[in-house]
Amino acid sequence: PLRVGLLGNFDWWPNRDAYRWFVEEVWQHLEGDSELHVFGPYSTALPRATRTMLHGFLDNINDVWNGVDLMVNPIVSGSGVNVKVAEAIYNGLPMLCTPTAVAGLLESPDPAIVILERPEDWRRVLGGNDAVALAHRSPQLSTRMHVEARTHAERLAAFLDGVIARSGPQRTVTQR
């Protein structure tokens, strides 16, 4: 069976909303033997859905990346940079996302990252051969490097130096 992963801290309300939306609007309407594997703190407290395994927190994040064929990131509320999406991209996982989940993370389209908003589109992709094809893709190297921390370290240090400089005479981030 296709192993679909969902990762998040489910003590955070936008992640609970995402799980609820995904299960109610997408997952429960799918037939077949695909499995949904849900990882992260408080995931074992979520309502169980059919063909769903609630794993809880895992000590080794690689167990998530190695345990699924593709990730879903159905974020429908909240804001900010979605670190779990960036991590999945960096680790080469294909994924199906809402526009909110990838906001600010992609410089250009990537065939391994499918962005859909409507539940019927999610059901179409996950319910057919498109999901299997997606599971065999990996984000392009340029996409993976775009979310790598080292790619942005100098810009972040310069930004923080500017913030510190505006707050008064103190050490800069680049000083050690």
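The values are calculated or read from the model by the stated rules, or taken from the named source; none is laboratory data. Not measured: the values here are computed from a predicted model. Every residue, glycine among them, receives a Cβ derived from its backbone with ideal geometry; neighbour counts consider all protein chains shown. Protein only, heavy atoms only, side chains kept; ligands, DNA and RNA dropped before computing areas. Shrake-Rupley method; radii C 1.70, N 1.55, O 1.52, S 1.80 Å.
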How many residues does region 1-21 contain that are out of contact with any Phe, Trp or Tyr (no Cβ under 8 Å at 6 or more places or on another chain) and surrounded by 14 or more Cβ atoms within 10 Å (Cβ to Cβ)?
10
Can you list the helices (runs of 4 or more DSSP H) found entirely within region 16-104 that contain at least 1 residues being farther than 20 Å from residue 122 by Cβ and touching a residue at least 60 places away in the same chain (Cβ under 8 Å)?
62-67, 83-90
Residue identified as at pLDDT below 95 and small (Gly, Ala, Ser) among 67, 5:
67
Before we move on, is residue 85 under 23 Å from residue 110 (Cα atoms) and modelled with pLDDT of 95 or more?
no
Taking region 41-69 and keeping residues within 14 Å of residue 8 (Cα to Cα) and open to solvent by less than 40 Å² (accessible area, probe 1.4 Å) leaves 43, 46, 54, 56, 64, 65
For region 24-55, enumerate the residues that are closer than 22 Å to residue 128 by Cβ and among the hydroxyl-bearing types (Ser, Thr, Tyr).
34, 50, 52
Which of the residues spanning region 117-129 are free of Cβ contacts under 8 Å to residues at least 60 places away in the same chain and within 19 Å of the chain's Cα centre (by Cα)?
117, 118, 121, 125
Assuming residue 139 fulfils every condition listed in (1) modelled with pLDDT of 85 or more; (2) part of a loop (DSSP other than H, G, I, E, B) apart from one, which condition is it?
(1)
